[in-house]
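One structure is given here, and the rest of the page talks about it.
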Amino acid sequence: MSFRWRKSLFVLSAAAFFAFYLWGLRGLPGLGHYPGPYGDIINAVVVSERHVTDAVTAVNFDYRGFDTLGEEFILFASVMGAMVLLRKSEDEEIDPPLDFAPDRVAPPMSDAVHLLGFLLAGPLLVFGLYTVTHGQLTPGGGFQGGVILASVPLMIYLSADYECFCRITSHTLAEVAEAAAAGGFALLGLIALLFGLPYLQNFLPLGETGNVASGGSIALISFLTGVEVAAGFVLLMMVFFSEAFVLRAIGEDKPEKKQKTRP
């Protein structure tokens, strides 16, 4: 297909998408005019039924927990796919990227950046743990807290170097944590079935509203989700950083080569 045909196809597709987008916007309710009734019902019953004060977390990990389980395994499958695509085979030959510049030298990192990055890592870790463990009480939960936790090793990498990032992370531990957390989410649903309840129905004591231990299995599922999300993003960083530094090392050894198309 020629460039002209590809461009025409893109313009037609973009125009059709934009038309459907505008059509969808016209069907949205006005600001402050929620049509309900699903949200109104949840707001009315969530505190008495689930002993939690964050309705969003209750919906994600209880009322529609089966949907959330599917979303979590989408992330799980995406991480596995990236690891499979970037895996190194014994007979694989990788040439340096075309834009590699052997004479380009990155400026040294200042001491202020080093210090600030290390000082922020601790509070960032605490904030991530707080977001994961308090999702049933305040806005947050496992998905948001997991991303915050995964940003801690990223902060170390940005404020130090790749070697320091490798020292504070473990590929094996991250793989085990991601698999165990994702499997634990699904296992909680099977335990509910053993009690004669619907899949992922809350079967633990609900506790007192307002306490960290409230919400029963909601808090546990939120914690498992945080572990899975954090481990998944750390694994992604590991494989992407490894790929980038392998290409750079090859480029430094063989700057005269051109990149080949990888299968």
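Here the Gaussian network model covers the chain, with springs between Cα atoms less than 10 Å apart; of GLY135, GLY36, GLY216, GLY36 fluctuates the most. Available extension along the chain between PHE3 and THR172 is 56.3 nm, counting 0.36 nm per residue and deducting the alpha carbon span.
With a simple spin-label model that places each label point 7 Å from the Cα along the Cα-to-Cβ direction, the separation between ILE41 and MET83 comes to 4.0 nm. The Cα atoms of the range 53-253 give a gyration tensor whose axes a ≥ b ≥ c have a/c of 1.5 or more with a/b no greater than b/c, which makes the shape oblate. According to a simple spin-label model (label point 7 Å from Cα along Cα-to-Cβ), what is the distance in nm between PHE20 and ALA186? Here the answer is 3.1 nm between the modelled labels. Relative to the longest principal axis of the Cα atoms of the chain, the long axis of helix 171-194 makes an angle of roughly 20 degrees.
When the chain is treated as a Gaussian network with alpha carbon springs shorter than 10 Å, the biggest mean-square fluctuation among HIS171, HIS51, HIS33 belongs to HIS33. Oblate is the label for the range 1-95, because the ratio a/c of its alpha-carbon gyration tensor axes (a ≥ b ≥ c) is 1.5 or higher and a/b is not greater than b/c. With contacts taken as Cα pairs under 8 Å and at least 6 residues apart, the chain reaches a relative contact order of 28 percent.
Every read-out reported here was derived from the displayed coordinates using simple, explicitly stated rules and does not represent laboratory data. Keep in mind that this is a model prediction, so the values were computed, not measured. Virtual Cβ from ideal backbone geometry, glycine too; neighbours counted across all protein chains shown.
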